[in-house]
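Participant: This structure is in structure tokens; I'll ask about it shortly.
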Amino acid sequence: MTLGAGKRPVAFVTGASAGTGREIALALGIGGYDVALVARRTAEMEDVAQAIHAGGGDALVLTADVRDAAVLDRAIDAFLAWSGGRIDVVVNAAGYTGPLSPPIGEFGVDEFDSTVATNLRAPFIVLSRLLPLMRQAGAGRVVNIGGNHGMRGRAGRSCYSASKWGLRGLTRSAALEAGPDGVTVNYVAPGPIAVPRMKANWRAMAEQKGLSEEEALRAYVADMGIPLNRPSEMQDIVAMVLYLIGEGGRNVTGQELVVDGGATL
């Protein structure tokens, strides 16, 4: 139960139940924002909301599948009723990788549509509703979370790459439109992140090839071509987002900030 946003700045975060979106939402809540959490998994968002409440902030849990335009619109309506129409920060972090390995011609248009609906159409809907309010207020920060496969093509990732390239275009156009009104819009592109699933893959590789976990990690980063010889940690992505929405990022807009240890060089 929430009583509505107070005098703290207000953030709207999609994909807030897990991964990058969850960590960004937590960092914002702990850092002084009231946060609207948007995702499909209610229980996980309730955990995030509880942590924000424990730190003295407020949080609104909005269970929504962002692929459904009508459902997302209703979630935005509920958010605006809660915030009294105030919006300071938008983070579009909901993402879907799509089919991971089939080449074009070996998966259906439904997979393509689902990927684009999550990664591109949902951010467009969010910005269609909230960016005009930021422009009217004369201030605001938008961060769209992309991926380094949106900076280059990769075999087996056609749906994901196409959707994230589109998000880059949306980011640039929105930055040009909203910049004169004091609103910044940027794109953050994470590379491989050391999440539990990735770490489990290293352990499996280590066992299969008779390597230590450290050796398996080195083999992984060598295969990915990461000059810094390490995957990103979640805090690397969060730190970039916090920079962009903070005072240090006030003159940064329309940019694509790649956080991948140099893998796209």
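Participant: Only one of these is small (Gly, Ala, Ser), out of contact with any helix residue (DSSP H, G or I) (no Cβ under 7 Å at 6 or more places or on another chain) and assigned by TED's automatic domain parsing to the domain that holds Ala162: Gly32, Gly95. Name it.
Facilitator: Selected residue: Gly32, the only one of Gly32, Gly95 that is small (Gly, Ala, Ser), out of contact with any helix residue (DSSP H, G or I) (no Cβ under 7 Å at 6 or more places or on another chain) and assigned by TED's automatic domain parsing to the domain that holds Ala162.
Participant: Taking the options Leu244, Leu257, Leu167, name whichever one is touching a Phe, Trp or Tyr at 6+ places or on another chain (Cβ under 9 Å), buried (at least 16 other Cβ atoms within 10 Å of the Cβ) and in a helix (DSSP H, G or I).
Facilitator: Exactly one residue qualifies, and that residue is Leu167.
Participant: So which pairs qualify, if the first residue must be in the range 81-95 and crowded, with 20+ Cβ neighbours inside 10 Å and outside any loop (DSSP other than H, G, I, E, B), the second must be among the small types (Gly, Ala, Ser) and modelled with pLDDT of 95 or more, the Cβ gap must be under 6 Å, and the two must be at least 6 apart or on different chains?
Facilitator: Val89/Ala11
Participant: Then there's this: Being surrounded by fewer than 24 Cβ atoms within 10 Å (Cβ to Cβ) and either among the β-branched types (Val, Ile, Thr) or in a helix (DSSP H, G or I) (or both) is the filter here; which residues of the range 135-149 pass it?
Facilitator: Those that are surrounded by fewer than 24 Cβ atoms within 10 Å (Cβ to Cβ) and either among the β-branched types (Val, Ile, Thr) or in a helix (DSSP H, G or I) (or both): Arg135, Gln136, Ala137, Asn148, His149.
Participant: If you take the residues in the range 24-63 that are part of a strand (DSSP E or B) and among the small types (Gly, Ala, Ser), which one is surrounded by the most Cβ atoms within 10 Å (Cβ to Cβ)?
Facilitator: Looking at the filtered set, the residue picked out is Ala36.
Participant: Next question, about the same structure. Looking at the range 1-60, which of its residues are among the basic types (Lys, Arg) and without any contact (Cβ under 8 Å) to a residue 40 or more places away in the chain?
Facilitator: Scanning the range 1-60 gives Lys7, Arg22, Arg40, Arg41.
The values are calculated or read from the model by the stated rules, or taken from the named source; none is laboratory data. These figures come from a predicted structure and were not determined experimentally. Virtual Cβ from ideal backbone geometry, glycine too; neighbours counted across all protein chains shown.
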